[in-house]
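Structure first, commentary second.
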């Protein structure tokens, strides 16, 4: 008696793996994009905290990230603070690469989110 798998058995396994890959790959892209969005959310939250601390110490907000005692990761996003004065600020994250490159995600002091970033999880 011969040991091993027949050609039909191997083909069935390959077909099943193909079906599983077809289901999994689109979900993988969504998970990756959610992780990239989480980077922007994390950076913005860190800068909001930094701005709150800076405001308590200086009685105004700042446009200079270096003035804040925070550490952010700009791997997929470029994050800047704009329009900072004694009453308000806007934090803007711009996608640096990928299919959403150049799109922005903005949040002001009041928590209003705007921008052109179109990913919807």
Mean separation of Cα contacts under 8 Å (at least 6 apart) over the residue count of the chain, i.e. the relative contact order in percent, is 17
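Test of understanding: what is the full-extension gain from residue 73 to residue 42, defined as 0.36 nm times their sequence separation minus their Cα-Cα distance? Walk me through the numbers before you get to the answer.
Values: separation 31, 0.36 × 31 = 11.16 nm, distance 0.87 nm.
Here the segment from residue 73 to residue 42 would lengthen by 10.3 nm.
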The rounded separation in angstrom of the Cα centers of the range 84-121 and the range 40-66 is 15
Here, residue 22 and residue 56, labelled 7 Å along Cα→Cβ, have an inter-label distance in nm of 5.7
Within the set 33, 51, 60, GNM on the chain using Cα springs under 10 Å gives the largest fluctuation to 60
Over the chain, the sum of -39500 (n - 2.57) across DSSP H runs of at least four, divided by residue number and rounded to 500 deg cm²/dmol, gives at 222 nm -16000 deg cm²/dmol
GNM of the chain, Cα pairs under 10 angstrom: of 103, 27, 92, the biggest fluctuation goes to 27
Checking 16, 81, 53 against a Gaussian network model of the chain (alpha-carbon springs below 10 Å), the top fluctuating residue turns out to be 16
Tilt, helix 7-58 to longest principal axis of the chain (alpha-carbon atoms), in degrees rounded to tens, equals 10
Here P(r) for the chain, Cα-Cα distances in 5 Å bins, as whole percents, is 2, 10, 17, 16, 12, 9, 6, 5, 4, 4, 4, 3, 3, 2, 1, 1, 0, 0
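Computed from the coordinates by the stated procedures, all read-outs in this text should not be read as laboratory data. Just so we're clear, the structure is a prediction, and the values are computed from it rather than from any experiment. Cβ atoms come from the backbone with ideal geometry, glycine included; neighbour counts cover every protein chain shown.
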